[in-house]
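To start, the structure itself, in structure tokens.
Values quoted throughout were computed directly from the atomic coordinates according to the rules given, and no laboratory measurement underlies them. No experiment lies behind these values; they were computed from the predicted model shown. FYI the Cβ positions are ideal-geometry reconstructions off the backbone, even for glycines, and counts take in every protein chain you see.
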């Protein structure tokens, strides 16, 4: 069967990067004239200095993308047909000088996204929400080097209950993205490919010998690993206790805090300029919501105790919060869901362990878990303690 060849996205990203960098800087350049002239009369105009700073960031992005393109050139992914419940397999070909490396640590990520575009014209906004993700690092010696560059083997098991590709061009729908990254001297290697995944007869059993050889073993997870990520597992009189401490995801909390500060500045600017009260009220409402989210990220903790009889769950801030008791037999299903993510297709998904009760309601038994292996390990252990099939 002739493999399907998928071109990398760096070339198209290069055009987009320079378009937005140039456009943004042209639009924001007048702020360098306006701010010094108006700052004495209205100090709040200093907030406008954020726009030129964003322009600098866009220029850096464009330059780095250009350097990456010059070094690695066009990459391609030669793949076999991929179907849900089967596998995604193939080889990435990229330009790396022969003899430049003896070995390289290549990290591969496969992500299923839902793209939604809202609005039109200047109000057009596109979001890509992560629905599923798997990743692994290719073992030493597996990346090959030849006369025409490097070859990177790709093998992923695909979930049978996921959704097939529906995106055509820039349309809304489901798309699958394969990303490859490696930290190397000079410009790092980074490339992604939009890969088609269909629904139909699978091309191979995910559990077949050697197929999933690159996937990290769940048995490698220990309570020490979990403790280092802020999740503590202990034995108590009520069964096994899982304590999810506060401020476990500091980078995400810090980023959200910065957004809160910017939003607060925007609210203050509206007040200073005596904007209509309805705009101030709406902005203030979202200010409170963001403040609650930031408070939860920095100070919220969850304690879950599980035995074969009951699940005890306490969610609160600063150690407060009432304990809710759920009979173990009321829990009919326990699985993973992505509860939040950092922005974009390259963002980080954070998982929650969601219990579905016999009433149809959902209760999370731990959320904000950055490491998928940790989330899977915790979910499997909780299932066994509750009495559900793993």
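Here are the numbers:
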{"quantity": "Spin-label model distance (nm) - residue 224 vs residue 358, 7 Å beyond Cα toward Cβ", "calculated": "4.2 nm"}
{"quantity": "Cβ-derived FRET efficiency at R0 56 Å, residue 56 paired with residue 232, nearest 0.05", "calculated": "0.85"}
{"quantity": "Gaussian network model of the chain, springs between alpha carbon atoms under 10 Å - residue of 283, 91, 137 with greatest fluctuation", "calculated": "283"}
{"quantity": "Cα shape, the stretch 267-385, gyration tensor, a/c 1.5 rule", "calculated": "prolate"}
{"quantity": "Residue 131/residue 275 FRET efficiency (R0 45 Å; Cβ-Cβ; nearest 0.05)", "calculated": "0.75"}
{"quantity": "Residue 260/residue 22 FRET efficiency (R0 25 Å; Cβ-Cβ; nearest 0.05)", "calculated": "0.25"}
{"quantity": "For the stretch 250-390: relative contact order, % (alpha-carbon pairs under 8 angstrom, 6 or more apart)", "calculated": "17 percent"}
{"quantity": "Alpha-carbon centroid distance for the pair the stretch 263-298 / the stretch 136-155, whole angstrom", "calculated": "50 Å"}
{"quantity": "Over the chain: helical MRE at 222 nm, DSSP H runs n ≥ 4 each giving -39500 (n - 2.57), nearest 500", "calculated": "-10000 deg cm²/dmol"}
{"quantity": "Cα gyration tensor, the chain - rounded (a/c under 1.5), prolate or oblate", "calculated": "oblate"}
{"quantity": "Packing-based order for 154-161, 376-383, using average beta carbon neighbours within 10 Å, highest first", "calculated": "376-383, 154-161"}
{"quantity": "Approximate spin-label separation residue 282-residue 188, in nm, with each point projected 7 Å along Cα-to-Cβ", "calculated": "3.8 nm"}
{"quantity": "Choice from 105, 125, 115 with maximal GNM fluctuation in the chain (Cα, 10 Å cutoff)", "calculated": "125"}
